[in-house]
Structure formats: C-alpha cells, structure tokens
1. Hey, among 210, 201, 191, which residue is within 16 Å of the ligand (Cβ to nearest atom), at pLDDT 95 or above and closer than 19 Å to residue 111 by Cα?
2. Select from the range 181-191 the residues that are in contact with a helix residue (DSSP H, G or I) (Cβ under 9 Å, 6 or more places away or on another chain) and surrounded by fewer than 16 Cβ atoms within 10 Å (Cβ to Cβ) and list them in ascending order.
3. Counting only residues that are more than 16 Å from the ligand (Cβ to nearest atom) and closer than 23 Å to residue 155 by Cα, give me the helices (runs of 4 or more DSSP H) lying completely in the range 216-321 with at least 3 of them.
4. Please give the number of the condition residue 287 fails out of (1) under 18 Å from the mean Cα position of the chain (by Cα); (2) at positive phi; (3) surrounded by fewer than 16 Cβ atoms within 10 Å (Cβ to Cβ).
5. Do we have residue 36 as under 23 Å from the mean Cα position of the chain (by Cα), free of Cβ contacts under 8 Å to residues at least 40 places away in the same chain and either in a loop (DSSP other than H, G, I, E, B) or not assigned by TED's automatic domain parsing to the domain that holds residue 302 (or both) here?
6. Assess whether residue 28 counts as being in a strand (DSSP E or B), farther than 22 Å from residue 269 by Cα and more than 16 Å from the ligand (Cβ to nearest atom).
Ligand code: DGY
C-alpha cells in the first residue's frame, strides 16, 4: 500500500480548502476556475492514487471504466453520491469516501432559510425594496404563511432531517416524518412517523425534502403527493432536484395547490425549469446548502483524515464503498 498517496483535486475549491488539501498531500489540482469535463478529469487523474471530486463531476459506468489504473480511491466532496456509479467503482476495486455528518447543521440552517423565505414571500418583498416600488406599510401587503405552530413534514429523517427537526422546536411545530424505516425513540425525539409519503403529505403544512437521491426517489414528490398537502402548504427541497417532478410542482404553484416553494436544488442544474425563475412564489437558491467556510473546511478535513486512515489500513466510517 502507498503511504504517501498522490491526489488529483478536480473540484474548483475556495482557496482555504485548496490550501488545506495541498498542505496535507502531494496534490495536483484543477486551476482552471471552472468545472472540468469528464475527459479533462480523466486526463488529469493520470498517475494519481486519489481523485477528489464533487457533485458536478459525474462518473457514470463509462467514465469509471476510463479512469486511469493508478486511481484507487475516489473522494466525493459531498454527502450526496448520486453522481457516482458506485457499483462500477466497487467492481474496479476503487474505494469511495464522502462527507456525511459535517454538513448537517449548515444544510439544516439553509432548509430553514428556504422555509421562512418561501412562507414569508421574501422574493416579492426584496423586489419591492430593490426596485423602489414599495408604497409604504399596508395591512394588505405580502400576507404570508405562519411558520410558528405549524406542522412540519420531513421526507428523509437522516442526519440532516433530524437537524432540521431540532430547529423546529423553537418554532413550536409538530414534526412528522417519513422514512423507509421508523427511527428509535431517541432519534425520533417526539416526531410522528408515517409509513407512507401519502400519509406524511396530509399532515405537512411544510413539506421538507431531505432524503438522499436514488433511482427510487426520482419524481417521488409528484402531483398526487402535492394534492394531498393541506391548503397553503410550502414545499422545500434541500436534497436533490430530481426528487420533485418539476412539471407537477410548477403546476401546483401556478394554481395555488401549493402556496410557495423554497428550493436550493433543481433537476438539471444550472439549467433549471424556466418557471422557477419567474414564479413569485418560488424562493430559489443556487445549491448553497453546505456553503459556509466552516463546513467547507470540515468537509476537507474529513476527506483528508479518511484518506490518511485508509492508507494506514483503517476503514473510516465515511467509506461508502
Ligand atoms: C452535497 O454535499 O451533497 C451537496 O449537495 C453538494 O453536492
């Protein structure tokens, strides 16, 4: 086993994060200031033992087959791993690491930003301020949806879902959730389990999507689910765009079936459904859930320590294959 692995860092990192990687390892890196194409990534990975990439660097089966023979480890600087063909990587004997745990709180903060911003019509409010069209206070103006005391439905009660749930106590909300498996009482922390998404939807004034993306979650939040939501519901997505059926959500937002949506993630990023750019009841953010410097550095630290552990013969908990 190599004791000093050579890294290729494909991500376009902020300087602090790049400095961290280069201070820990012999690391070549992407200095082009942009996302690499798959061909470029494969070319630059020649001779590297470890490739560090992220959600914008997909490796499908064909790309995995073309990775240089030197590559023995792929680290994804993300908690999501739906951009990787894990089976193909495993079949090639490539170990895969991700960054669970360290970004839960930043993502949960962002989920709350989305829910509050969507519920309180922030987009329309900002427009009045920035365009100078505000006519002054009025009791009719931008009447939103109350967050405090409402019911929060969380789809996916993993670490991020539970971090979102913890914050809901401060808003005196009742928390409901749907998972494939019910959690134990300690992790559930008083949240009410629903064995189906349909049942969760009926109780969700706020439906917050926090489950991992996989082929089985694609299009899960569709017209049928949206129609089950209580009147004036708010939908929030902090996970991956393709869990939502865009046409169905856009229709629900246009017709008032859903009051508003707070979305940090979109199918086909950055080429998002055009209606999300126009609708006044969409509070959209450009996939910044984990984007704080502390979290960015914690993700780097986790990957660097797991590479070191791996090359010392250990199996770190964040090894996903
Ligand atoms: C994650 O960590 O999965 C973020 O969404 C960035 O990809």
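The values are calculated or read from the model by the stated rules, or taken from the named source; none is laboratory data. All values derive from a computational prediction rather than experimental measurement. No Cβ is skipped: glycine too gets one built from the backbone with ideal geometry, and neighbour counts run over all protein chains shown.
1. 210
2. Of everything in the range 181-191, those that are in contact with a helix residue (DSSP H, G or I) (Cβ under 9 Å, 6 or more places away or on another chain) and surrounded by fewer than 16 Cβ atoms within 10 Å (Cβ to Cβ) turn out to be 182, 187, 189, 190.
3. Because the criterion is at least 3 residues that are more than 16 Å from the ligand (Cβ to nearest atom) and closer than 23 Å to residue 155 by Cα, the helices (runs of 4 or more DSSP H) in the range 216-321 that meet it are 223-228, 246-255.
4. The single condition residue 287 does not satisfy is (3).
5. Values: under 23 Å from the mean Cα position of the chain (by Cα): yes; free of Cβ contacts under 8 Å to residues at least 40 places away in the same chain: yes; either in a loop (DSSP other than H, G, I, E, B) or not assigned by TED's automatic domain parsing to the domain that holds residue 302 (or both): yes.
When the stated conditions are applied, residue 36 passes them.
6. So residue 28 passes the test.
Matching residues to (1) surrounded by fewer than 21 Cβ atoms within 10 Å (Cβ to Cβ); (2) farther than 22 Å from residue 147 by Cα; (3) modelled with pLDDT of 95 or more:
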| position | (1), (2), (3) |
| --- | --- |
| 219 | yes, yes, yes |
| 222 | yes, yes, yes |
| 228 | yes, no, yes |
| 247 | yes, yes, yes |
| 266 | no, yes, yes |
| 275 | yes, yes, yes |
| 282 | no, no, yes |
